[in-house]
Amino acid sequence: DRQRVSWLPADEGLAHLRGRYRAGVAFTDAMLAALVAELEETGLWQDTILAVTADHGECLGEADIHASHTSLYEPTLRVPLVLRLPWEEPQDPAAKGLPVSTMDLFPTLLELAGAEVPGLVDAHSLLAPVPDRVLWLEGDRLGQVARFDGRHQLIATLRRTSLGFVTELEYAEPGHTELFDLNDPLTELLSAGQAPPEAEAWQAELRGFLEGRLESGGLEQLLSPEERETLLKLGYLGDE
């Protein structure tokens, strides 16, 4: 559910919450500085590839969501990715401006290290990016699914069962699907009547993707008992 700020203490408004978040970023930055200093002191820095990224961002008031990262809106999905290479010649990022995934780090780091890169379906080395790539994104327990092409993002919010899983294709209300142009991420294009001509085809693509994901009876059926137990311990499935 979309969270309001009413649960915050009286002296902690949204600005205070954002300040606390910035403090967390500053702390992480200080820890990175300590790591780099240790690598330099031990002589490993000149032979180290350093990758800095995040597993998710955080909504801090955007889309009327506060202190949550379970949605597929832009603040949750867009995370930093910094690659520091130990060699001196400058590298122009081949993937600059293209949609990429954190899964792409795996083949990228293998290639940079000179190791063999296995054939992968959903991940591509950032050294040889795929033009016109479309990313499919799944939220918590399939509650949201998004199609992202680097500029436009189409999001479907689905109705869940009492356990929080999606087992059939049924759009939640309100909203069903939302379309955003990341050049103007505050405007929802479908409700504003500003959708581009391709929007109808994108919605058909998204529906086909969802139908394929639900063929086996929903996300709940895709998890083994061991996987469910692990995710429960990590807090990703909530209390049941």
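Data table
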item	result
Odd one out for H124 among (1) open to solvent by 50 Å² or more (accessible area, probe 1.4 Å); (2) part of a loop (DSSP other than H, G, I, E, B); (3) touching a Leu at 6+ places or on another chain (Cβ under 6 Å); (4) not hydroxyl-bearing (S, T, Y)	(3)
Hits in segment 86-102 - residues which are at pLDDT 80 or above and more than 21 Å from the chain's Cα centre (by Cα)	P86, W87
All positions within segment 61-92 that are surrounded by fewer than 16 Cβ atoms within 10 Å (Cβ to Cβ) and over 25 Å from D184 (Cβ atoms)	V82, R84, L85, P86, W87, E88, E89, P90, Q91, D92
Residue in segment 148-183 that is modelled with the lowest pLDDT, counting only those that are among the acidic types (D, E) and loosely packed, with under 14 Cβ neighbours inside 10 Å	E173
Check on R78, closer than 27 Å to R141 by Cα and without any contact (Cβ under 8 Å) to a residue 60 or more places away in the chain	yes
Of all residues making up segment 81-109, the number that are among the β-branched types (V, I, T) and either without any contact (Cβ under 8 Å) to a residue 24 or more places away in the chain or under 24 Å from V145 (Cβ atoms) (or both)	2
Options L186, L190; residue that is closer than 18 Å to D64 by Cβ, open to solvent by 70 Å² or more (accessible area, probe 1.4 Å), free of Cβ contacts under 8 Å to residues at least 60 places away in the same chain and out of contact with any helix residue (DSSP H, G or I) (no Cβ under 6 Å at 6 or more places or on another chain)	L186
Qualifying residue in segment 94-101 (condition: surrounded by fewer than 11 Cβ atoms within 10 Å (Cβ to Cβ), within 28 Å of I155 (Cβ to Cβ) and hydrophobic (A, V, I, L, M, F, W, C))	no
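The values are calculated or read from the model by the stated rules, or taken from the named source; none is laboratory data. Only a predicted model underlies this, so the values are computations on that prediction, with no experimental measurement involved. Positions of Cβ are generated from backbone atoms using ideal geometry, with glycine treated the same way; all protein chains shown enter the neighbour counts. All accessible areas refer to the heavy atoms of the entire protein, side chains included, with ligands and DNA or RNA removed. Shrake-Rupley method; radii C 1.70, N 1.55, O 1.52, S 1.80 Å.
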